[in-house]
Structures are given as C-alpha cells and as structure tokens.
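Notes to accompany the following structure.
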Amino acid sequence: MIFGITSFVLIIALSLRLTFGRFLSRLPEDQRKVSVENFKAYVKWITGWKLSFLKLERWDHCLDYLIAWGRKNYLGWTVWVFYALVLSYVYLALSGMFFAWFVPRGLYGFPLLLHVAAGALFAISLTIVFFIKARVYLPEKLRLKTEGQQKGGFWCPLLRKSFPRIYLEALAFWVFVLAGFLLAASTLGSMLPYFNYPAQIFFFHLHRWSALTSVLSACLAIDVMIVE
C-alpha cells in the first residue's frame, strides 16, 4: 500500500513538474514564474496536449519520432539494442506498476513469466547501452558539451534559470543505469537458493524501490534527451 501510493504520487508529481517546466520555457523570460495565471494557462495547455493522445495518428507520430531518434543516436546494429531496451522496459514498467497499484496479490502467472523474460532482455540491452554511452557522460565530456550547449534544459522557477541540459541527461543516464543494475541484482538474488527469508524480503523491497527510481529517471530522460 505504501509503495503503491508513494510511487503513484512521485510519478505524477515529477510528470507535472517536467511538463510545467516545459510550459514555462515556452513563455518569454519575464513571464516565467509560478502564478495563478500561468497555472491556469498550463492546465489548458496540458489538457489540450493530453487529449491529442486519444487520436491514433498521435501515437503513430510518437512511434515514428522514437524510431528516428534511435537511428540518429545509435548507429548500425546498436539501434536494435536501443529498441530492445525500450520494448522490454515498457513492458516491465507497465506490468510492474499496474500490478503494484491495482492487484493486491502482486505480479503473478503468465505476466510474471513474461516479466522475467523481459527483464533478461532489459539487463542484456542495458549492459550494452552502458558500454556504448557511458563515456559520453563522463565529467570531462560534460564540461566540453556544456561550453557549446545553447539550449536550456530544466527550468527552475525559484532560481529563474535553466540548468544545462547535458547535466540532466547525465543524471538521468547514471540513475537509470544504477537502478537497472540493482533491479537485475535483486532479481538474481531472489532466485538463488543461498539467501534466507529475511534476505528474500530485502531483495523484494530493493527491487520495487529500484523500479520506482528507474521509472522516475526514465521520465526525466524522456524529457531532457528525447523530446524536443
């Protein structure tokens, strides 16, 4: 119950924060502030934007955009690793959160078997992506990219400034990778016969909270890496 409520609130809160920041970034700089007028305009903007996803062509456009983004950022055969990562992670996130929120028993049956299979594909593809992209987000690389980066990233109304996009990309990348490895480790730990019952409970909770951390970092990654 605590995990379900906490995860739901945090995912909604981060999504609202990211979309509200994106809405403010579209306004003139002197109007980028938290106010009742801006919040009303944001509600109107986000409502119209969300309603557009009820149309099939909007989903087709998003899929085409994601495929094009993958081909641009992952060359050659590595693009298939990216697609495998996305497909496996989408199922893992949707199945895990759905059962955590709406099924008191938790994940079981065929969805659980498919969850385990998708988890194996996710772990393999995440490892490959880590070796391909990790060097891009090393400190020395970040400094070089920050100097030449003109586009802002995360708009903070309190400080009235945008943080460099590349730092947010690095944060999302490293947190996502760390959470993914914790997910894999907790899964393997719960499958091995070498741990007692308290250890199994620990792995279970580690898996759930790592999954939440992974989803939150994925939301941030989509906003600062993929969506223009």
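Observations
- GLY153 being at pLDDT below 90, among the small types (Gly, Ala, Ser) and either within 20 Å of ILE226 (Cβ to Cβ) or surrounded by 13 or more Cβ atoms within 10 Å (Cβ to Cβ) (or both): yes
- Listed by first and then second residue, the pairs with beta-carbon distance under 8 Å, at least 6 apart or on different chains, first residue in region 184-197 and assigned to a loop (DSSP other than H, G, I, E, B), second at pLDDT 85 or above, are PHE195/GLY189; PHE195/PHE203.
- Total residues in region 28-57, condition surrounded by 14 or more Cβ atoms within 10 Å (Cβ to Cβ) and either within 17 Å of ILE222 (Cα to Cα) or modelled with pLDDT of 75 or more (or both): 5
- 2 or more residues under 16 Å from the mean Cα position of the chain (by Cα): qualifying helices (runs of 4 or more DSSP H) within region 1-112: 2-25, 56-73, 78-102
The values are calculated or read from the model by the stated rules, or taken from the named source; none is laboratory data. Because the structure is predicted, anything quoted here is derived from the model rather than measured. A quick note on method: Cβ atoms are made from the backbone with ideal geometry, for glycine too, and the neighbour counts reach across all protein chains shown.
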